[in-house]
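Here is the structure we will look at.
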Amino acid sequence: MRSPTAILAFALASVAGLPPGEARPQPASPAAAPPSPEGAAPPHEAAPPPPAEAPAAPAGIEVTVEGSRAPPGSVSLSRRDIREMPGALGDPFRAIEVQPGVTTIASGMPYYYIRGAPPGNVGYFFNGIQVPLLFHVGAGPGVIPASIVQRLEMHLGPYPADIGRLAGAAIEAESAPPSDVWRGEGAFRFVDVGGVVEGPVDRDTHVLLGGHYAAGAALTSALVPSVDVGYADYQARVAYRLGPDARFTVFAFGAYDYLATLGQEDGAETTNVLLDSDFHRLDLRYDRDDASGARVRAALTLGLDQSRGVGVESARAFKLNARMSLARPALGGRALLRAGVDAAIDRYDVTPRAVAPRPGSPDGEPDAKPAEGTAQLDESFPELFRSRLDLAVGAWADALLVLDERSTLTPGVRVDHYTSLGKTALAVDPRIVGRFGVGDHVRLIPAFGLASQLPGLAPLPALQIGGIPGGLQRSLQASFGVEVDAGPVRFSGAAFRQATLGLSDPIGTGRGTTLSTERFLTRSLGDTYGLELGARGALRRDLFFLASYTLSRATRTRGKATLPSAYDRTHVAHVALLYDLGRGVRAGIRHVFYTGFPADEIVEGRPPRADPERVRPFYRLDMRVSKRWSLGARGYLGLVLDLQNATLAKEVFDVSCDERGCTPQTVGPITMPGIAIEGGF
């Protein structure tokens, strides 16, 4: 069995509000829409306005999305969904756990299998920029604060054509538009302190500054002397209006993380590094919406990713990404045509770790060495991660076609060409998604597409497998969904199947003790199919509920053997109730349930089983209570208690197997209390 530190290092290699609205027909208007706010991704299902000169009588149908711009088959979470969900600890990307099709690798670990796709095949984006490490110290607070996130979309697949180079799922977070008045939010928690302030400098210029710092790191280390932890993040934005139709934005953000365990070896202090990384992004963006309804975006993103001490001495990636997109109405307002190109250049500088431990420094500082149980990483990582220059060039196009007042069809295609270590690969990924209204309250949503990705490993900065060994991962994504509105409640369901050729999934292909190169490069046929059910809505004015259930089966096929995924869970269910108790008090509870994973492990002399026994199911109860007091006309002060695993349930985290059988390994109880004092104006 892997040690806890090895498990963590390996794992790192991995509301109240109305239901989202549907596309509803509205009378066409010749007026052009105002410029889109900064942070708003090019709408995946936007209103295609007719040309300005179009006559009123024969004008086309304008699609207005009320409450949500999520494309068919995707899920949209609002700001209140994100911040008020019990157990999410206020983190935007933790809130997706409650959605159908999402399975965590373990309770409280924010690394997800989505429709069977491993964490390395799930991409996370903020304002269209991919984020390499989503959570501080691997499983702590999010690197993107909730205070600057307005909404979030989860694309289960197939996703819009402008999202590419992923064979799993895509999660997009979007910042709020620039504020026309000065405002600020701040929070003091047990582990960190931070906030954001923004406002107009003049009529055309808006600024934003924000960040978090682990002020409680020293206290954490004092309470747990064997742990050394620290982290910080920052965000800065300047938006300048060039005219009534155009905006130029400079946006920078980044994060730093350090996690290590301290111990004694032969009478000397040792430091086992689990995570030591940072990343930085600088995005320059130009947006223009003209009177004809056309929208143009051009952006250039510079990035720097760095990781140290886990498998390599250091890994550094200098990143350059350029992209341009155009959206234009056509066919008299009955279509929105979109197209774009993008290119990414990544320069990797990798320094392998010496085989022998480094001697102590002359000033007596303790040795720094890899985490316990991860010595094989020192042998495999130099083969996987090499210094090199990678290039990826892509082009895409799609069209939102309005068929009638209730129905749309969105065909699209994406083409990508990859180059790494002299190897090349080409991916052509078509996709088509429909939404067909049956009456006023029922919608049918069929979807079909292909998606491609380089060999995946983990969401760790600067660590991407080089050379395209084994070729691209190719995922066939198909689903058939239905949405039903029953008063204030929306019901949804979808049957799906997702098969991935050449799947790269080192932690899901099978449990075991080896972290060799072979394990990371092993490919399989991944097949996942199942049924997703969901419901959400207001039971009354002060009570909102959300429920989801996933029935699925995920397998991995190598040669003639087909085995269940190591993280296959047959049943996953969530039920959440959010109360508005009045007088600024809100409360919520959430129940989490999932069945156990296969109780099997890859060990010498023990053949794997196609239908192994399962570990016991897991139940968890989360609670959240908040109170807010008004201060003056716009100010407020609040107190939040967010408790994950309030019942202190223990979970089976791993198994240890030999010729006699398998023994479950229990961890916990692990609970994550979040206590915060919030304020703003």
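Just so it is clear, none of the values below were taken in a lab; they were calculated from the coordinates. All of these numbers come straight from a predicted model, not from anything done at the bench. Cβ placement follows ideal geometry from the backbone for every residue including glycine, while neighbour counts extend to all protein chains displayed.
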With r defined as the distance between the Cβ atoms of residue 246 and residue 387 and R0 fixed at 41 Å, what FRET efficiency is calculated, to the nearest 0.05?
0.50
Unit charges at the beta carbon, dipole of the chain: most positive-side option, 459, 504, 596
596
So, with points 7 Å from each Cα along the Cβ direction, the residue 236-residue 220 label distance in nm works out to 2.5 nm
Treat every Asp and Glu Cβ in the chain as -1 and every Lys and Arg Cβ as +1, leave all other atoms uncharged, and give the resulting dipole magnitude about the Cα centre to the nearest 20 debye.
1380 debye
Only Lys, Arg, Asp and Glu count, each charged at its Cβ (+1, +1, -1, -1), so figure out the dipole size of the stretch 185-233 about its Cα centre, rounded to 20 debye.
180 debye
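Kirkwood Rh over alpha-carbon pairs of the stretch 530-681, then Stokes-Einstein at 4 °C and 1.567 mPa s: what D in µm² s⁻¹, rounded to an integer?
My calculation gives 69 µm²/s for D.
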Along the charge dipole of the chain, pointing to its positive end and built from +1/-1 on Cβ of Lys, Arg, Asp and Glu, which listed residue (521, 330, 626) has its Cα farthest out?
330
Highest mean first, what order results for 435-441, 159-165 on Cβ atoms within 10 Å?
159-165, 435-441
Given a Förster distance of 41 Å, report the FRET efficiency between residue 150 and residue 417 from their Cβ-Cβ distance, rounded to the nearest 0.05.
0.75
Calculated from DSSP helices alone, with each H run of at least 4 adding -39500 (n - 2.57) and the total divided by the residues of the chain, [θ]222 nm to the nearest 500 comes to -1500 deg cm²/dmol
What order do you get for 499-509, 250-260 when each peptide is scored by the mean count of other beta carbon atoms within 10 Å, highest first?
499-509, 250-260
Between residue 575 and residue 595, what is the FRET efficiency for a Förster distance of 22 Å, r being their Cβ-Cβ separation, to the nearest 0.05?
0.90
Testing the spin-label approximation: label points 7 Å from Cα along Cα→Cβ at residue 610 and residue 331. State their distance in nm.
4.7 nm
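On full extension of the chain, what length is gained from residue 448 through residue 405, given 0.36 nm per residue of separation minus the C-alpha to C-alpha distance?
13.2 nm
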Measure off 7 Å from each Cα along the Cα-to-Cβ vector at residue 675 and residue 341, then give the distance between these two points in nanometres to one decimal.
5.7 nm
Where does the stretch 213-301 land on the Kirkwood hydrodynamic radius, alpha-carbon pairs, in angstrom?
16.7 Å
If packing is taken as the average count of other Cβ atoms within 10 Å, what order do 129-142, 235-248, 615-628 fall into, highest mean first?
129-142, 615-628, 235-248
